[in-house]
Amino acid sequence: MDKYLQIETVGMSFDTKKGPFVALTAIDLAVRKGEFVSLIGHSGCGKSTLLNLVAGLLAPTEGGVILAGREIAGPGPDRGVVFQNHSLLPWLTCFGNVYLAVERVFGAAESKARLKARTQSALELVGLAHAMDKLPQEISGGMKQRVGIARALAIEPKMLLLDEPFGALDALTRATLQDELIRIVGSTGATVLMVTHDVDEAVLLSDRVVMMTNGPAATIGEVLEVDLPRPRERLALAANSRYIHLRARVLEFLYHRQAKRAA
Amino acid sequence: MSSIALRKKDAFAVVAPPPPAGSPHPSAAALTESAARVAARGKARPAPTGYQRFQAPDWLLKSIASVLGFALFVCVWAAIAKFGGRIPGPVAVWHAAVTIFADPFYQKGPNDQGIGWNVLSSLKRVGIGFGLAALVGIPLGFLIGRFRFLSDMAAPMIAILRPVSPLAWLPIGLLLFKAANPAAIYAIFICSLWPMIINTAVGVRQVPQDYLNVARVLNLSEWKVFTKILFPAVLPYMLTGVRLSIGIAWLVIVAAEMLTGGVGIGFWVWDEWNNLKVEHIIIAIFTIGIVGLLLEQALMLVARRFSYS
């Protein structure tokens, strides 16, 4: 298997007042180029911590993360991150938010007109060409998250990192954006690592679902191959026996083997 | 409304026995029924009578209240003037004000100038002292907010110096500059400095981590981080500091000028006291108040212009 992203025996512990807290231990995961992998687990299992390690926002205390043959030493624009709470700058328009990223990555080599064209096409990709000059507070939560996705995609990252990207949205908006993401990933061939706590979302979108055990000292419990053909259709899959079976496997893992007492 | 009709329909569907052949579907019956109810409710609504309760507009009530408050103040003042001895009444002050404001920019030597010149020279001192304080305080606030170590370094000195009355610095100013005018400016500088440092530093510390994470994942240059993230995020806090400072500066300048003399509204108050022209002192009080109000309003306008939310 051609390993694009390699997470090798990664462990992560944090210093707290009560001594070291081991969040992750012995994580081994490889992601192929163009693959869509989801991390799923109960809250507090360290799935976001793992994503932050790949993003470079945290440095692992054990092991290492390699992307396209290079060890990740810190955050950088070769990885596009979509944050759960969109993290758009409220004083910049949608265009301005995406342009900030585009300018950072391509500003040295390309003309202003080219940068603007890139920004525009990224916003068109997520269906927001009409809202380019709006400020974030003037658009809905779903639209904000689209801008976040456009910002991450516009810099042509090696990898797209999604941290519960639709977690803060209502169910209907979430479904629409999942369909959009299927389409976008299909057309760009992006390599994606996504953190989620939504079983349907994980199975619907992923090539593989990585199920994590409960923390502390969480690790990978099981990896599920989602061998459903693409393009995937939400409605058609709802009655698909294979889909139902895969979904049941994830549910069984989360609520039976890794059942968590109500917090 | 529609949810009620819907629930009604469900209930009907559950309890109703299977309909005899040929009769309409139960849910269809429910629909007709609810439609009939809507029509009935439409009819039951009372016809408009054309009578409408009068409601005064908001701005009118507000202005009536302000005028009333001011009138009450003038009445109390007139009463005090009538029974309180040497305080001049509103009418006497009004006549004096008309004379003074008829020629606000006369000049008869260094110690006898129009009220316009006095206000302008006070504003000039405030402007210079305050401007210098902004030049020093805002960058210092950014540094203190951004670097923990600098913050810890500055904290004890700021804590000790901030509660000191700016007038206590006046002798130091006189000693340093050997002249009254720069000493007054120096007092303004000192008193404007603290709110700007503190508010800017708080603003920098309040910048949401999410925004800084965006900067980190994009690896933005320090300059871009400053211009695109830090500065806009801190601006509202900074403007609060600026507004507080200018309010304090305008308070302090009157007292400082009483001590230093020369031309200025504070000096003018003291001079008129020595001349026992109490009407002029009252005029000065109003003038100081109105100028302070205008300064505050102007900065509020600027703040509103630059706030993003």
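So residue A:42 clears everything in (1) outside any loop (DSSP other than H, G, I, E, B); (2) of a type outside the set (A, V, I, L, M); (3) more than 9 Å from chain B (Cβ to nearest Cβ) except one condition, right? Which one?
With respect to (1) outside any loop (DSSP other than H, G, I, E, B); (2) of a type outside the set (A, V, I, L, M); (3) more than 9 Å from chain B (Cβ to nearest Cβ), residue A:42 is out only on (1).
Going residue by residue through segment A:108-127, is there one that turns out to be within 12 Å of chain B (Cβ to nearest Cβ) and buried (at least 18 other Cβ atoms within 10 Å of the Cβ)?
Looking for residues that are within 12 Å of chain B (Cβ to nearest Cβ) and buried (at least 18 other Cβ atoms within 10 Å of the Cβ), one finds none in segment A:108-127, hence no.
With segment B:171-284 as the region, which helices (runs of 4 or more DSSP H) entirely inside it contain at least 2 residues that are in contact with a strand residue (DSSP E or B) (Cβ under 9 Å, 6 or more places away or on another chain)?
Per the criteria, B:209-218.
Among the listed residues B:220, B:230, B:295, identify the single one that is crowded, with 17+ Cβ neighbours inside 10 Å and under 14 Å from the mean Cα position of the chain (by Cα).
It is B:295.
Among the numbered criteria (1) part of a strand (DSSP E or B); (2) under 14 Å from residue A:215 (Cβ atoms); (3) in contact with an Asp or Glu (Cβ under 7 Å, 6 or more places away or on another chain), which single criterion is violated by residue A:48?
(1)
Looking at segment B:193-205, can you tell me whether even one residue there is out of contact with any Lys or Arg (no Cβ under 7 Å at 6 or more places or on another chain) and within 14 Å of chain A (Cβ to nearest Cβ)?
Within segment B:193-205, one or more residues are out of contact with any Lys or Arg (no Cβ under 7 Å at 6 or more places or on another chain) and within 14 Å of chain A (Cβ to nearest Cβ).
Could you pull out the residue among A:153, A:160 that is touching a residue at least 12 places away in the same chain (Cβ under 8 Å), under 30 Å from residue A:97 (Cβ atoms) and assigned to a helix (DSSP H, G or I)?
Being touching a residue at least 12 places away in the same chain (Cβ under 8 Å), under 30 Å from residue A:97 (Cβ atoms) and assigned to a helix (DSSP H, G or I) holds for just one of A:153, A:160, which is A:153.
Within segment A:74-94, which residues are surrounded by fewer than 22 Cβ atoms within 10 Å (Cβ to Cβ) and either more than 9 Å from every other protein chain (Cβ to nearest Cβ) or part of a strand (DSSP E or B) (or both)?
Result: A:78, A:84, A:93.
How about segment A:7-27: which of its residues are within 29 Å of residue A:184 (Cβ to Cβ) and either over 16 Å from the mean Cα position of the chain (by Cα) or part of a loop (DSSP other than H, G, I, E, B) (or both)?
Hits for segment A:7-27 are A:10, A:27.
Has segment A:63-73 got any residue that is within 14 Å of chain B (Cβ to nearest Cβ) and assigned to a loop (DSSP other than H, G, I, E, B)?
Within segment A:63-73 (the criterion being within 14 Å of chain B (Cβ to nearest Cβ) and assigned to a loop (DSSP other than H, G, I, E, B)), the answer is yes, since at least one residue qualifies.
Test of understanding: among A:228, A:235, A:254, A:246, which residue is in a helix (DSSP H, G or I), more than 24 Å from residue A:26 (Cβ to Cβ) and in contact with a helix residue (DSSP H, G or I) (Cβ under 9 Å, 6 or more places away or on another chain)?
The unique qualifying residue is A:246.
Out of segment A:95-105, which residues are within 15 Å of residue A:145 (Cα to Cα) and buried (at least 24 other Cβ atoms within 10 Å of the Cβ)?
Residues satisfying the conditions are A:97, A:98.
Values in this text are rule-based calculations from the coordinates and carry no lab data. Given the structure is predicted, the values throughout are model-derived calculations rather than measurements. When we count neighbours, we look across all protein chains shown, and the Cβ atoms used for this are built from the backbone with ideal geometry, even at glycine.
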